[in-house]
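Data first, discussion second: the structure below is written as structure tokens.
The values are calculated or read from the model by the stated rules, or taken from the named source; none is laboratory data. Since the structure is predicted, the reported quantities are computational estimates derived from the model, not experimental observations. As a convention, Cβ positions derive from the backbone with ideal geometry for all residues, glycine included, and neighbour counts pool all protein chains shown. The area values use the complete protein model at the heavy-atom level, side chains included, leaving out ligands, DNA and RNA. Shrake-Rupley method; radii C 1.70, N 1.55, O 1.52, S 1.80 Å.
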Amino acid sequence: MKDNAVNSLLYFCVDGTAFGKKLRIEENWDEEIEVKVDGRKAALMKPNTISLEATIVMDEEVAGDWMLFSLTCLMYFMFMIYKDETDIIESIFDGLEE
């Protein structure tokens, strides 16, 4: 799994292969995280903007595979780290403009 360098400039996007499946985890325009397995949308995570909680909707393939389930949950926390880092970078750029 690694950042998709082109897409990660604008929004969270990770590509890779794990457990014999092609995975893509990316933020959509609604600030939700879509998990795609072999090109098919397999899970959707909707972060709560006030707390660290999230609503996660998974299809049976992801929910029934403990490795994919674990990786999906891990990606939510990676997304939160990404958001914190982009907030820090934005604040630095805002400080340079003043």
Please arrange TRP29, TRP66 by accessible surface area, largest first, computed with a 1.4 Å probe and ligands excluded. TRP29, TRP66
What's the center-to-center distance, using Cα atoms, between the stretch 55-98 and the stretch 14-43 in Å? 12
Kirkwood-based Rg/Rh on the Cα set of the stretch 32-85 evaluates to 0.97
Carbon and sulfur: what percent of the chain's accessible surface (1.4 Å probe)? 59
Could you order SER91, SER51 so the one with the most accessible surface comes first? Probe is 1.4 Å. SER91, SER51
With angles folded into 0 to 90 degrees, how steeply does helix 66-97 sit against the dominant principal axis of the chain? Use alpha carbons for both and round to 10. 10
Evaluate Rg over Rh across the chain, taking Cα atoms for both radii and Kirkwood's formula for Rh. 1.02
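Let me know the number of lysine pairs in the stretch 20-98 closer than 13 Å at the Cα, not counting same-chain pairs under 8 apart. All intermediate terms of the calculation are to be shown ahead of the outcome.
Numbers: LYS21/LYS36; LYS21/LYS41; LYS22/LYS36; LYS22/LYS41.
Final tally of qualifying lysine pairs is 4.
What is the sum of charges around VAL35, taking Lys and Arg as +1, Asp and Glu as -1, for the other residues whose C-beta is under 13 Å from the C-beta of VAL35?
Numbers: positive: LYS21, LYS22, ARG24, LYS36, ARG40, LYS41, LYS46; negative: ASP15, GLU26, GLU27, GLU32, GLU34, ASP38, ASP59, GLU61, ASP65.
Once all neighbours under 13 Å are counted, the net charge is -2.
Over the chain, give the accessible area per residue in Å² for a 1.4 Å probe, as an integer. Before the final figure, lay out each step's value.
Values: 6680 Å² over 98 residues.
Heavy-atom SASA per residue in the chain reads 68 Å².
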